[in-house]
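What follows is a single structure, written as structure tokens, with notes after it.
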Amino acid sequence: MKTAIMLTAITFTMYGCGEQHKAESVVEDFLAENIQASDYKVAFSDIDSTRHVTDSAVNAMRAEAARNKMFKKGIKYADTDKKYIYTKVDIYVGRDTVSHTFYITPDLGRVVSFKEN
């Protein structure tokens with residue numbers, strides 16, 4: 001019985017780590033394509049999910065991102081959904097640190113939007 005519980009716990013932990021890694025990879029790819037700086041570092045929070053982001057909030061975040069000089073113009077995003085996975089990301093450029101929250105599709109395939117915290 002103890003072995004079964006331990007194996008289940010390990011499985012969930014590994015699955016969660018895999019999802020975390022995939023989310024980080026999606027955001028890292030997004031940043032590599034869309035951030036203006038060429039020399040930066042990132043630190044991630046644990047991923048979580050939310051259903052509390054409306055389409056109008058996503059559109060507002062996208063509009064704000066278009067005005068943000070830290071990012072390139074014409075960013076291509078994933079389509080909107082009803083549920084998102086999100087992670088907070090600290091971006092270190094030189095001596096500056098800027099914190100953003102990135103919203104990702106439930107399959108962890110693409111970034112939907114992001115906002116500066």
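Things worth noting here:
- All positions within the stretch 43-80 that are in a strand (DSSP E or B) and surrounded by fewer than 16 Cβ atoms within 10 Å (Cβ to Cβ): Ala43, Asp48, Ser49, Thr50
- Any pair with Cβ under 7 angstrom, 6 or more apart, that starts in the stretch 88-116 at a residue that is touching a residue at least 24 places away in the same chain (Cβ under 8 Å) and within 17 Å of Ala65 (Cα to Cα) and ends at one that is open to solvent by less than 10 Å² (accessible area, probe 1.4 Å) and hydroxyl-bearing (Ser, Thr, Tyr): Lys88/Thr101; Phe102/Thr87; Tyr103/Tyr84; Tyr103/Ser113; Ile104/Tyr84; Val112/Tyr84; Phe114/Thr101; Lys115/Thr101
- Condition met for Asp29 (among the charged types (D, E, K, R), open to solvent by 90 Å² or more (accessible area, probe 1.4 Å) and either assigned to a helix (DSSP H, G or I) or at pLDDT 95 or above (or both)): yes
- Only listed residue being of a type in the set (Ser, Thr, Tyr) and in contact with a strand residue (DSSP E or B) (Cβ under 6 Å, 6 or more places away or on another chain), chosen from Ser38, Ser56, Ser49: Ser49
- Scope the stretch 81-114; condition farther than 18 Å from Arg51 by Cβ, of a type in the set (Ser, Thr, Tyr) and open to solvent by 40 Å² or more (accessible area, probe 1.4 Å); matching residues: Tyr92, Thr97
The values are calculated or read from the model by the stated rules, or taken from the named source; none is laboratory data. Just so you know, these numbers come straight off a predicted model, no measurement behind them. A quick note on method: Cβ atoms are made from the backbone with ideal geometry, for glycine too, and the neighbour counts reach across all protein chains shown. Surface accessibility is based on the protein's heavy atoms, side chains included, excluding ligands, DNA and RNA. Shrake-Rupley method; radii C 1.70, N 1.55, O 1.52, S 1.80 Å.
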